[in-house]
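Enquirer: The following block contains the structure, expressed as structure tokens.
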Amino acid sequence: MMARVTARGAERWVRGHPWIYRSEVLEGPSEPGLVQVKGPRGRFIGQALYSPRSEIRLRLLDRSDRPIDQDWWRDRLSRSAAVRAGVDATAYRLVYGEGDGLPSLIVDRYDRWIVGQILSAGLETMRATILHALVETVAPQGILLRNDAPVRQREGLPLETVAVYGSVPRQIEVREGAVRYLAAPW
């Protein structure tokens, strides 16, 4: 799939902004998913998640033409985990969406379990690949998707809370430094 953007949209990425808005998209597919992004004259400028119902139409994944596949997701998730390797806690945010170059993806770790959110229609099309990469990278006992944020409705997605891998307890004892407490992921 391909999307073509205005000069202003292309410039937005050159300046480091991770999004291109609806008004800056000249053409795009009718369905959400991964797209090759081209500037107004047809020159490749990157790959993005495309959400046809969103004001944020394009969310930058990569400026190269490297395949966005299982290896790509595993690499990006591994980078996020490595940045947080020294955190003195068993509960922390593993992926901060755009901050980690993984737009509209939030992943929290609660000891041996993962709680995630997929917040765009474009990213939702890659759910299986992302979950598989999370299992390979983090080796959790379970993954819960808390896809209950209202932004999903604006993307045309249902609200849901669902265990998608293994099992996730209702309460998990976690630690931040010397403080221990119970977290309720559900």
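The values are calculated or read from the model by the stated rules, or taken from the named source; none is laboratory data. Note that the coordinates shown come from a computational prediction; the quantities given were computed from them, not determined experimentally. Note: ideal-geometry Cβ built from the backbone for every residue, glycine included; neighbour counts use all protein chains shown. Ligands, DNA and RNA are stripped out before the accessible areas are found, and what is left, the full protein with its side chains, is counted by its heavy atoms. Shrake-Rupley method; radii C 1.70, N 1.55, O 1.52, S 1.80 Å.
Enquirer: Kindly establish whether Arg154 is without any contact (Cβ under 8 Å) to a residue 60 or more places away in the chain and either in contact with a strand residue (DSSP E or B) (Cβ under 9 Å, 6 or more places away or on another chain) or closer than 25 Å to Ile56 by Cβ (or both).
Expert: Answer is no for this residue.
Enquirer: If you don't mind, another one. Given Arg57, Arg76, which one is assigned to a helix (DSSP H, G or I) and in contact (Cβ under 8 Å) with a residue 12 or more places away in the chain?
Expert: Answer to the selection: Arg76.
Enquirer: So which strands (runs of 3 or more DSSP E) stay within the stretch 79-186 end to end and still have 2 or more residues that are open to solvent by less than 40 Å² (accessible area, probe 1.4 Å)?
Expert: Values: elements: 91-96, 105-110, 113-118, 142-147, 160-166, 172-176, 179-183.
The strands (runs of 3 or more DSSP E) meeting that bar are 91-96, 105-110, 113-118, 142-147, 172-176.
Enquirer: Now for a separate question. What pairs come out if I take residues in the stretch 163-181 that are more than 18 Å from Gly116 (Cβ to Cβ) and pair them with residues that are of a type in the set (S, T, N, Q) and surrounded by 13 or more Cβ atoms within 10 Å (Cβ to Cβ) whose C-beta lies under 6 Å away, six or more apart or interchain?
Expert: Listed pairs, sorted by first residue: Arg175/Thr90.
Enquirer: Further question on the same structure: Check Arg66 against each of (1) within 23 Å of Leu134 (Cβ to Cβ); (2) outside any loop (DSSP other than H, G, I, E, B) and name the one condition it does not meet.
Expert: For Arg66, the exception is condition (2).
Enquirer: Right, next: Consider the stretch 43-52. How many of its residues are open to solvent by 20 Å² or more (accessible area, probe 1.4 Å) and either within 13 Å of the chain's Cα centre (by Cα) or at pLDDT below 95 (or both)?
Expert: Residues that pass the stated criteria total 0.
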